[in-house]
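Since the structure comes first, as structure tokens, the remarks are kept for the end.
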Amino acid sequence: MRFDVLTLFPGMFSSPFQESILGRAIQKDLMDIRIINVRDFALDKHQVVDDTPYGGGQGMVMKVEPIARAIEWARSEDPSAWTIYLTPQGTPFDQEKARTLSSRSHLILLCGRYEGVDERAREMFINEEISIGDYVLTGGELAAMVMIDAVSRLLPGVLGSAQSAEDDSFTNALLEYPQYTRPFDFEGRCVPEILLSGNHAAIALWRRKEALKRTAARRPDLLAKARLTRKDEELLEEILRGGDRV
Ligand code: 4HQ
């Protein structure tokens, strides 16, 4: 899968994708990230990429021509590329959207700065607008990184066989159960004994109950959407009745 990132701040991308899992995925040619400086597509000799808004008002707006030329360049070998603009006005990004996008072979991500991009760039070149959440960033770069991270870990071969994308929260629609590793006793707080029992069925049941407990307490909205089994309903009843601490 290819990601083309269009940005005025290419330096922001130098380290995040060289590390760990994504760094390895790129080295293994499972994916490819090209960072494209929109300024390189400005035509004038001072390479101006922004201007004041028509109608007045604060700040600067990214000009349409350099964006148009950068997107056309990124698309030139591959007209099927899907172009996304990161903005708080977009559709909220979630795991389902990550899964849908992971089946595409080429994404172009446009990162806006300042007051955003000229509306005509959106109308003419953008297939989809996506928001990573209801807060305001200084630019779309971090939003693009979040999206690339969530999408690329779903690509075949990116996660090791020990890890599984299918196992995660949201894939199951529940939050994950608590995890422990050594030491058994940290400052008097011990690991739940059941996890040392070697009884795999009992451990699976305990984990499912903890996941349900945590989801009910923190994200009742997720619980309402989850497809629960009979056993889950039973466990939830126990949780409510027993007043298990969360
Ligand atoms: N911005 N999700 C403003 C975001 C954002 C978000 C990107 C700030 C676009 C012009 N992007 N620029 N939230 O806050 O995607």
- Message: Being surrounded by 10 or more Cβ atoms within 10 Å (Cβ to Cβ), under 30 Å from residue 108 (Cα atoms) and away from the ligand (no atom under 16 Å from the Cβ) is true for just one of 164, 197. Which residue is that?
- Response: 164
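Only strands (runs of 3 or more DSSP E) wholly contained in segment 1-111 count here; list those with 2 or more residues that are open to solvent by 10 Å² or more (accessible area, probe 1.4 Å).
Details: elements: 2-7, 32-37, 82-92, 106-110.
Of the strands (runs of 3 or more DSSP E) lying wholly inside segment 1-111, those with at least 2 residues that are open to solvent by 10 Å² or more (accessible area, probe 1.4 Å) span 32-37, 82-92.
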- Has segment 140-148 got any residue that is open to solvent by less than 70 Å² (accessible area, probe 1.4 Å), in a loop (DSSP other than H, G, I, E, B) and within 12 Å of the ligand (Cβ to nearest atom)? yes
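Name the single residue, out of those in segment 173-206 being among the charged types (D, E, K, R) and assigned to a loop (DSSP other than H, G, I, E, B), that is farthest from residue 222 (Cα to Cα). Show your work before the answer.
Here is the first cut: in segment 173-206, the ones among the charged types (D, E, K, R) are 176, 182, 185, 187, 189, 193.
Within this subset, residues satisfying the condition of being assigned to a loop (DSSP other than H, G, I, E, B) are 176, 182, 187.
Working: 176: 12, 182: 31, 187: 34 Å.
Filtering first and then ranking leaves 187.
The values are calculated or read from the model by the stated rules, or taken from the named source; none is laboratory data. As the structure is a prediction and not an experimental result, all values here were calculated from the model. Virtual Cβ from ideal backbone geometry, glycine too; neighbours counted across all protein chains shown. SASA here: full protein model, heavy atoms, side chains in, ligands and nucleic acids out. Shrake-Rupley method; radii C 1.70, N 1.55, O 1.52, S 1.80 Å.
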